[in-house]
Every structure is written in C-alpha cells, then in structure tokens.
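Undergrad: Below are the structure tokens for one structure; questions will follow.
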Amino acid sequence: MLRTMLDASLDHAAFMQEALQEARKALATEDVPVGAVVVFDGLIIGRGHNQREALTDPTAHAEILALQQAARHLSSWRLIDTVLYVTLEPCIMCIGAAVLGRISGLVYGCHDPKAGACGSQFDILGAQRLNHTFPIVSGVCESEASALLKTFFRQLRQRRKLSIRGQNRL
C-alpha cells in the first residue's frame with residue numbers, strides 16, 4: 001500500500017538523485033536532460049531519460065520510458081501504489097500517461113514554464129472530469145535539476161553560434 005506522499009519513509013531526495021542520474025545520461029547524449037524513476041514499495045522498478053534524439057521518437061520522454069519499464073516489471077499497465085519521480089515538471093503527454101497508468105503520486109524537481117502540465121502552463125490534474133488524480137510534490141532537488149537544464153541549453157546555444165560562425169566562413 002502506498003505511504004502518503006508526505007510520509008518520511010519515502011525519501012524524495014534520494015529517489016530524485018536517481019532521476020538526476022538518468023538526466024545526466026540524456027545530457028551525455030545531447031538530449032534534453034530529463035530523468036525519471038518509478039518507485040514501488042520503496043524500490044525503483046522503472047528508469048528513463050529523454051531519448052528523443054537517440055531514438056528519433058517524439059514520445060521518448062523520460063517519464064514515458066520509466067512508466068513503460070515499470071509496467072513491464074509489474075506485468076500490468078495499472079501502476080497502482082507507485083510514485084513517479086521526474087526532474088522536470090511533466091508535459092501534457094507525460095502527465096496524461098501517468099494518469100492513465102494510475103500512478104499514486106508524482107514528485108518533480110523544477111517547474112517547466114513553457115510546457116509544464118502540473119500548474120505552470122496547464123493544470124491537467126485540476127480537470128474535474130478525470131477519473132484518476134494523485135498528489136504532487138514539487139521542488140525536490142530543484143536547483144540541481146534546473147542547473148542541468150540551464151547547462152544543456154547554454155551549451156546548445158554555444159554550439160549553434162559556432163555552427164553559424166562556421167557557415168559564415170564559407
């Protein structure tokens with residue numbers, strides 16, 4: 001049975017560190033550094049990091065991949081009594097998958113002011129018509145998650161500048 005989201009026995013920071021490790025894998029492959037883990041009964045049963053570039057798949061978000069692995073682990077699409085930890089506020093697609101998978105809680109690191117679907121841009125769980133909702137905890141390891149994203153986008157802008165400069169020399 002899921003412990004309440006505020007229960008001290010769920011070490012949010014420790015599980016978020018695992019999600020941050022996943023995010024670093026995405027960073028190493030030049031994908032947006034977002035990582036996720038799914039926890040069931042205190043154990044990680046699903047892991048994922050963004051692989052949109054590597055898999056050339058627009059749905060290869062960290063959350064989707066972690067939810068898929070967790071479902072395989074449980075041999076069920078119903079992820080009851082699981083908690084999804086993700087370094088960045090989920091987008092509409094990912095929060096939709098979490099709702100459809102019946103997770104029991106969400107913990108995320110930093111807000112996504114451009115595409116966040118847990119209050120930043122949209123509030124999907126606030127929709128009165130959903131047949132399933134769950135509690136959310138935000139801001140866990142926020143500065144570390146945010147720093148990874150800032151580093152990635154700073155490097156991306158720098159690569160683009162160098163690429164443009166190289167094209168101007170021709």
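We did not get these values from a lab; they are worked out from the coordinates using the rules stated. In this text, all values refer to a predicted model and were calculated from it rather than measured experimentally. All Cβ positions, glycine included, derive from the backbone under ideal geometry; neighbour counts span all protein chains shown.
Undergrad: Label Ala147 and Thr56 with points 7 Å out from Cα along Cα→Cβ: what is the distance between them in nm?
TA: 3.6 nm
Undergrad: Would you mind computing, in nm to one decimal, how far apart the modelled labels at Glu18 and Glu30 are, each placed 7 Å from Cα along Cα→Cβ?
TA: Placing both labels 7 Å along Cα→Cβ, they lie 3.1 nm apart.
Undergrad: Also, I was wondering about something else. State, to one decimal in nm, how far the label point of Asp11 lies from the label point of Leu130, with both points 7 Å from Cα in the Cβ direction.
TA: So the two model labels end up 2.9 nm from each other.
Undergrad: Still on this model: Assuming a ≥ b ≥ c are the square roots of the Cα gyration tensor eigenvalues, decide whether the chain counts as rounded (a/c under 1.5), prolate (otherwise, with a/b larger than b/c) or oblate. Intermediate results must be reported in sequence, preceding the final value.
TA: Working: a/c = 1.94, a/b = 1.89, b/c = 1.03.
Here the chain falls in the prolate category.
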